[in-house]
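Heads up: the structure comes next, in structure tokens.
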Amino acid sequence: MVPGWSGRSVRIAWIEVTCARRKRGRPRSLRLVLGIALIALSIVSGIGAYGLGAAVSRDLFAFPLETVRTGATVGLLSAIVVFAQATSRQLERAETDLLLTTVTTREFVVGIALAVYSRVALPWLLPVCSGAVGFAAGVRSPSTAVAIAVAVGGGVTLAAVIGTVVVFAWSLVPARVTAVLRQGSVLRYALIGVIWLIGSVVVIVLPLDQVTELARRAPSAWLVDLGLIAVPEIDTVSRRGLGALVVLAVGIPGGVIAAVAIADRVLGEEADAAELTAGSRSLVGDGLSRRLFGRYVSRPALTVARKRWVQEWRVSVAFFGMICFPLFGLTGITLYTSTVRDVPPLALVSIAFVCATGVGQGFGSEVLGAEYPVLPMTLTSVSGREFVRGTILAGVAAGAPPTALLTLGAGLVGSIGVLEAVLITAASVAWCCCSVAVATALGMDVRYRDIYPMPYPFTSAMIYGEIGRASFIRLGLIGVALAAVCLPAAVASVPLVTETVTAVLGVPAPLVRSAAVLLTIGIALAVSRAAIDRAVETYAEYTIR
């Protein structure tokens with residue numbers, strides 16, 4: 001007898017879960033340890049929930065209802081993200097074309113969703129049920145166990161359905177747009193940086209009470225009222241609990257229908273080969289870079305730079321370092337300037353330093369890793385000076401404009417003068433050049449046999465790089481070298497130092513800071529020249545044995 005569509009969906013889920021388990025290859029001893037740990041967690045959860053329920057029923061503990069409501073909203077949003085990521089990974093591993101020749105789209109979508117749900121949610125079923133029973137026993141209300149199970153199970157199921165809808169709906173976005181965010185490209189990490197900085201400012205500027213109040217009143221918070229609706233000692237709102245039940249009853253089947261409809265449209269359309277190959281381009285023909293730099297840069301150096309830009313557009317290893325690494329420094333500077341309501345000279349110098357360091361770390365530290373697949377050809381076809389110039393051009397052209405714009409914008413907002421802000425902005429460009437040059441010189445010292453393939457974060461792509469602590473030490477050396485270059489400007493930006501020099505020499509403070517910045521520009525250019533010569537020598541002596 002041929003099973004119905006639900007039976008075929010369950011069979012797809014079972015096969016996918018079995019394949020995933022075999023691919024992980026966990027030994028039986030590890031599975032046994034995990035099972036014992038899960039049982040122990042369930043016992044602890046039940047006992048703890050019973051104690052909490054007993055304390056609530058005896059008025060020995062004031063249940064933090066508002067806090068739990070906020071946590072429910074945060075938990076539901078986090079669960080949606082987790083299920084969306086798990087569904088995306090599951091679709092990458094599934095044989096979609098093969099399955100769609102034997103089953104319908106509805107059976108495929110439901111089967112994939114069940115596979116993801118069983119892997120993400122089912123392992124926590126026993127601890128949740130144990131906690132629900134324990135809390136119900138503590139408050140002496142058997143119906144509370146059912147209510148908690150419905151609220152938690154329904155909320156997790158709704159999150160899984162929404163995550164599935166989001167994954168398939170994202171495929172409806174035109175390929176020209178998704179290509180920008182695919183493979184961790186430039187805009188993706190730029191958005192991460194912007195969101196990170198905005199979130200840091202929001203934490204300081206906006207009142208926390210407004211954010212938590214929104215979380216408490218959101219429909220996701222109604223699940224708490226549904227789960228605790230039968231506990232008389234807790235002051236829940238009955239209409240919110242019933243509203244949550246309605247949301248679950250309508251949202252789960254409605255989400256499944258929407259996911260199937262969207263997937264039917266997405267999976268039924270053929271890929272547009274023209275859009276998939278739209279990113280291909282010639283590295284030696286005319287283009288924007290040729291019009292901008294063709295008169296000042298030789299063709300071999302420009303070709304090296306254009307090749308690096310194409311690599312970064314597709315798998316942006318450099319932009320990961322250029323944006324994600326400086327985030328921590330920029331976050332601290334942003335929080336400080338938001339607190340003092342000003343951008344003092346030291347903060348402006350720090351912004352330029354952090355951004356320039358990221359440019360060097362991104363484009364220079366893994367210069368050989370970026371060339372590893374074709375390194376023998378590169379060593380025999382491009383001279384060392386042209387290769388180093390092309391690498392520096394790639395880093396400066398990509399990193400200096402945003403660094404200069406950010407530095408100039410912060411300077412104009414701050415209390416320093418326009419001329420001083422422009423001067424520090426010019427210094428930031430010189431620091432970017434110095435950072436990339438130093439990073440390239442250090443990156444050329446990596447031996448060929450020390451470069452290995454490694455997975456790229458957040459994608460299925462493979463990149464090449466040095467494994468171990470040596471790469472982290474190199475990143476630190478880049479920051480130390482640039483810090484030494486920027487030291488005069490940083491010291492002169494300290495108010496105590498500026499006031500002392502002004503009192504001794506009778507020179508205005510802006511002039512003292514400007515002279516220090518000009519000194520750092522000269523040092524940066526000198527260090528850049530020395531680093532370029534060192535990198536060229538290393539390139540000429542490099543061997544792949």
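Some values worked out for this structure:
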| item | result |
| --- | --- |
| When residues of the range 405-448 are limited to those that are without any contact (Cβ under 8 Å) to a residue 40 or more places away in the chain and part of a helix (DSSP H, G or I), the one nearest to residue 370 (Cα to Cα) | 429 |
| The range 31-79: number of residues that are in contact (Cβ under 8 Å) with a residue 12 or more places away in the chain and among the hydrophobic types (A, V, I, L, M, F, W, C) | 18 |
| Cβ-Cβ under 8 Å pairs, at least 6 apart or on other chains, the range 525-545 side on the phi < 0 side of the Ramachandran plot, far side at pLDDT below 90 and hydroxyl-bearing (Ser, Thr, Tyr) | 542/448; 543/448; 544/448; 545/448 |
| Test: residue in the range 261-280 that is in contact with a helix residue (DSSP H, G or I) (Cβ under 8 Å, 6 or more places away or on another chain), open to solvent by 30 Å² or more (accessible area, probe 1.4 Å), at pLDDT below 80 and within 30 Å of residue 389 (Cα to Cα) | yes |
| Exclusive hit being part of a helix (DSSP H, G or I) and in contact with a Gly (Cβ under 6 Å, 6 or more places away or on another chain), set 71, 46 | 46 |
| Test: residue in the range 479-492 that is open to solvent by less than 60 Å² (accessible area, probe 1.4 Å), at pLDDT 85 or above, closer than 24 Å to residue 543 by Cβ and not hydrophobic (A, V, I, L, M, F, W, C) | no |
| Residue 35 vs. criteria open to solvent by less than 40 Å² (accessible area, probe 1.4 Å) and in a helix (DSSP H, G or I) | yes |
| Any chance residue 123 is open to solvent by 70 Å² or more (accessible area, probe 1.4 Å) and of a type outside the set (A, V, I, L, M, F, W, C) | no |
| Of all residues making up the range 196-254, the number that are aromatic (Phe, Trp, Tyr), farther than 18 Å from residue 155 by Cβ and modelled with pLDDT of 65 or more | 0 |
| Unique match (being open to solvent by 40 Å² or more (accessible area, probe 1.4 Å), part of a helix (DSSP H, G or I) and at pLDDT 85 or above) among 335, 346, 393 | 346 |
| Flag if residue 55 is assigned to a helix (DSSP H, G or I), of a type outside the set (Val, Ile, Thr) and on the phi < 0 side of the Ramachandran plot | yes |
| Members of the range 72-90 that are open to solvent by less than 40 Å² (accessible area, probe 1.4 Å) and either more than 21 Å from the chain's Cα centre (by Cα) or of a type in the set (D, E, K, R) (or both) | 72, 73 |
| Filter result for the condition that a residue is within 18 Å of residue 360 (Cβ to Cβ), open to solvent by 10 Å² or more (accessible area, probe 1.4 Å) and of a type in the set (Val, Ile, Thr), over 438, 388, 418 | 438 |
| In the range 493-529, the residues that are open to solvent by 30 Å² or more (accessible area, probe 1.4 Å) and closer than 18 Å to residue 357 by Cα | 521, 522, 523, 525, 526, 527, 529 |
| Residues satisfying the stated conditions in the range 396-415, i.e. under 21 Å from residue 509 (Cα atoms) and surrounded by fewer than 24 Cβ atoms within 10 Å (Cβ to Cβ) | 408, 410, 412, 413, 414, 415 |
| Near pairs, Cβ below 7 angstrom, 6+ apart or cross-chain, from the range 246-263 (closer than 21 Å to residue 227 by Cβ and in contact (Cβ under 8 Å) with a residue 24 or more places away in the chain) to any residue that is open to solvent by 40 Å² or more (accessible area, probe 1.4 Å) and of a type in the set (A, V, I, L, M) | 255/162 |
| Selection status of residue 135, in a helix (DSSP H, G or I), farther than 18 Å from residue 42 by Cα and of a type in the set (Phe, Trp, Tyr) | no |
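Listed here are the residues, each with its yes/no results for (1) touching a strand residue (DSSP E or B) at 6+ places or on another chain (Cβ under 7 Å); (2) aliphatic (A, V, I, L, M).
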position: 398; (1), (2): no, yes
position: 404; (1), (2): no, yes
position: 407; (1), (2): no, no
position: 414; (1), (2): no, no
position: 426; (1), (2): no, yes
position: 443; (1), (2): no, no
position: 464; (1), (2): yes, no
position: 507; (1), (2): no, yes
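The values are calculated or read from the model by the stated rules, or taken from the named source; none is laboratory data. Only a predicted model underlies this, so the values are computations on that prediction, with no experimental measurement involved. With ideal geometry, Cβ positions are generated from the backbone for all residues, glycine too; neighbour counts draw on all protein chains shown. Quick note on the areas: whole protein, heavy atoms, side chains included, nothing else; ligands and nucleic acids left out. Shrake-Rupley method; radii C 1.70, N 1.55, O 1.52, S 1.80 Å.
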